[in-house]
Every structure is written in structure tokens, then in C-alpha cells.
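This report refers to the structure that appears directly beneath it.
The values are calculated or read from the model by the stated rules, or taken from the named source; none is laboratory data. Note that the structure is predicted; figures quoted are calculated from it, not measured. Note that we place each Cβ from the backbone using ideal geometry, even for glycine, and neighbour counts take in every protein chain shown. Surface areas here come from the heavy atoms of the whole protein model, side chains and all, with no ligands, DNA or RNA. Shrake-Rupley method; radii C 1.70, N 1.55, O 1.52, S 1.80 Å.
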Amino acid sequence: MSIELAVGPRGPYSLALSARLSSDATRTFRDGLLTAVLDVDGRPELARAWQSPDGTVTIRAASPAGAGRLRWILALDDDHSDFLRFVREDWMLGPTSRALRGLRPVRVATVAQALLRAFCGQLIEAKRARRLEQTIIRTICAPGGERLHVSPTTHDLGALAPSQLRALGLHAQRGASLVRLCRTVELERLHTVPTDVVAARLERERGIGPWSVGLVCLEGLGRYDYGLVGDLGLVKLLRTLRGRRVEGWETTELLEPYGEWRGIASVYLLAGFSRGLLPASEARAA
């Protein structure tokens, strides 16, 4: 038995743009169809979503809770129209915001998965990081059909020994920090905590910097106000703009003008740079 939920997204929204690179161990996006496995009341549940030409996103799930969870993951109710108006005339993001106006960051089902993604992604190439995350999730999390698994919880990661994560490929120090944090903080409770408090708490842990905090806030908590400071893509962008070597911390200056929209601005800067929509792209081509 399943239910279907037809959702008219608030503000401009494109599932194709938003979910294009979202496939991981817990979900796939192929031919316009997103398929995800969610943990609903302790059991795996398969849910799907697709978008009609009129913009409506249909979610099919086995329960209302599963449908609601996927609705949150896809950010269907988080209208970013104010951000688009804010950057409409921006010399850097104006063209990107007009060309990709339906783009919103897709979230992961648990804060724990966002934290795992952050630790996997530190200082290694993106494809390797994604493979490492998939390996860990497929090893420790329950399967739910179509070769997909549920997202890890705080308890799942806290129950591991750092040596187990090291055996799966995660650097020993990062694995120890991940396990220690999951044993001392119930990560899902961070949904009720202001962003600045979240950042201060996470950055007290060894091995967590601004980029990791930004990823947790953006993909784990669904917030747009904390940027991806130090992201390697933003470092390349800033290096192109300044014509010299730059350090990760300098990307703070790139994001600062966007204020409360620093998180979603990070996504648009990366997307625009990769598609040649930023002024800096011309310099890179030259």
C-alpha cells in the first residue's frame, strides 16, 4: 500500500537541477526519477519523486511520514526567491541565478550522514570521497531495496570503533573524531539549535573546520546561512579571480557579501563556475 502526495513547490524549483548530482548509497536520480530509502519508525521505506511539466512534484511513499521526509529532503517548501532577488543584479551571481533559478540544495536524511560526508570529503578528491561514504553506509546500514540503504544515525556511527572506520578507508584521526562526536552529541537535536551555536559546538572538535560545518548546516540541517568556506571548487574560483595561489580561509571573503544566504550562494557559485556562467569562467578559459 502506498500514498501519493502532489506538491507545488514554493518558489522556483527544478528537480532536474537540484537532484542532478544527488545519487549516493541512499538514493538515485535517473531519467527524472528520484528513488530513496528512508528509515521510518525503524524500518526501511522506499520513496520516489518526479516532477511534471507544470512544476508539480509527486512523491510516492509507503506512509505519510516517508512522504513528508522526502518532501523535506528535496526542500520543496523552502522558497529561495528572496535569495534570487538579492543576487539578481550581482556582478558575480546575477547570470547564474537567472539561468539556474530552480536550483536548491538537496539534503540528506540524517545529520549523521552529513557529518560522515564532511569527514569523508576532507582533503580528498570528490569522487573518492563519495565512494568512501558509500562503502561505509553500505557496510553499516540496513538495505531497503534497489541496492539502496538507509542513512546512518548518530547511534550507528557512535557504535563503531575508530579502527572499523579505518579498515573501511577513513583516516584514523577523522574516524576517531567522528565517533567521539557521535557519542557525545545527539546530532538530530541540532535542528532546534541556532546556526552560530551549531558552528561553535562542532568547531570545538578536532578535525572539524568551517567547510565541514557548512556541509552539515546545508545538507544535514537544511540551512542557507553558513557558507562552504574552504571548498576546493571555491578555492579554484577565487584563484582564477585573483590570479594567484589562495588559501581556503580566503573564500570567506568571496561569500561574505551574501550574508544570510552564504550557504546557498556557495551552491550557486560552484554550479555557475562549472557551467561557465561566472565572469571568472572567461578568465579560466583564457
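Per-structure values
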read-out: Residue-averaged 222 nm ellipticity for the chain, from DSSP H runs of 4+ at -39500 (n - 2.57), nearest 500; value: -12500 deg cm²/dmol
read-out: Simple label model, 7 Å out from Cα along Cβ direction - ILE3 to SER23, nm; value: 3.0
read-out: Within a Gaussian network of the chain (alpha carbon springs, distance under 10 Å), most fluctuating of ALA114, ALA265, ALA99; value: ALA99
read-out: Listed residues PRO152, PRO64, PRO143, most fluctuating in the chain (Gaussian network, C-alpha, under 10 Å); value: PRO64
read-out: Length added when fully stretched, ARG138-GLU253, from 0.36 nm per residue minus Cα-Cα; value: 37.6 nm
read-out: Ordering of 254-263, 183-192 by burial proxy (mean other Cβ atoms within 10 Å per residue, highest first); value: 254-263, 183-192
read-out: Mean shadow area of the chain over all directions, Cα convex hull, nm²; value: 14.8
read-out: Fluctuation leader among ASP31, ASP231, ASP82 - the chain, Gaussian network, Cα springs under 10 angstrom; value: ASP31
read-out: Solvent-accessible area, 1.4 Å probe, carbon plus sulfur percent, for region 211-286; value: 52
read-out: Percent of alpha-carbon pairs separated by more than 21 Å within region 159-285; value: 47
read-out: Computed label-point distance, nm, for sites LYS127 and ALA159 using a 7 Å Cα→Cβ extension; value: 3.4
read-out: Charge context of VAL179, other residues only, Cβ under 15 angstrom, K/R +1, D/E -1; value: +2
read-out: Sites GLN173 and ARG239 - FRET efficiency at Förster radius 30 Å, r taken between beta-carbons, to 0.05; value: 0.65
read-out: Distance between region 8-87 and region 120-147 - C-alpha centres, whole angstrom; value: 20
read-out: Around GLY32: net Lys/Arg minus Asp/Glu count, Cβ-Cβ under 13 Å; value: +2
read-out: Cβ-based net charge around TRP72, under 10 Å, with every Lys or Arg adding one and every Asp or Glu removing one; value: +1
